[in-house]
Amino acid sequence: QEVAPFVADLTTALRPSVREAAATGLAECRWSSRSEVKAALATAAMTDPSPAVQAHCVRLLTALGYSRPDYLDFLRAAGYSGAPEVKAAALAALGRYA
């Protein structure tokens, strides 16, 4: 129940700034270590229409140490062909995981 408003905003809010705030709320809440929370952030990192939100989620997931194989595949791909801010965040994340 605590994370539901954040997940709702992350997935449905129209403004990217609201989605970024929701992502931050998820990453900083007491449930941030739960796989469901990290999965919501990873989904946003891989699918959000805003490169700024994607990059923000990548940075948050890096801080949380998220490293599922499908997410790492996304980072590798984004590091070569993503939007500039996503590319930078993905390459920084890959550097930390190496």
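Throughout, read-outs are computed from the coordinates displayed, never taken from laboratory work. Please read all numbers here as calculations on a predicted model, not as lab measurements. Cβ coordinates were reconstructed from backbone atoms using ideal geometry, including for glycine residues, and neighbour counts include every protein chain displayed.
Apply the Karplus curve 6.51 cos²θ - 1.76 cosθ + 1.60, θ = phi - 60°, to the phi angles in the range 82-95 and return the couplings in whole Hz, x for Gly and Pro.
So the Karplus estimates, Gly and Pro as x, are x, 4, x, 6, 6, 4, 4, 5, 5, 5, 5, 5, 4, x Hz.
Which of the peptides 79-91, 60-72 is most tightly packed, and how do the rest follow, going by the mean number of other Cβ atoms within 10 Å of each residue?
79-91, 60-72
Just grab the label-to-label distance for Thr43 and Val18, each label 7 Å out from Cα along the Cβ direction, in nm (one decimal).
1.8 nm
The range 12-79: which trypsin sites (Lys or Arg not before Pro) are DSSP loop and have at most 10 other beta-carbon atoms within 10 angstrom?
Counting only loop positions with at most 10 other Cβ atoms within 10 Å, the trypsin sites (Lys or Arg not before Pro) in the range 12-79 are Arg30.
Based on the Cβ-Cβ distance of Asp73 and Ser35, what FRET efficiency does E = 1/(1 + (r/R0)^6) give at R0 = 30 Å, to the nearest 0.05?
Efficiency computed from Cβ-Cβ geometry: 0.95.
Please compute the length gained on full extension between Glu28 and Ser81, using 0.36 nm multiplied by the number of residues separating them and subtracting their Cα-Cα distance.
Stretched out fully, the Glu28 to Ser81 stretch lengthens by 16.2 nm.
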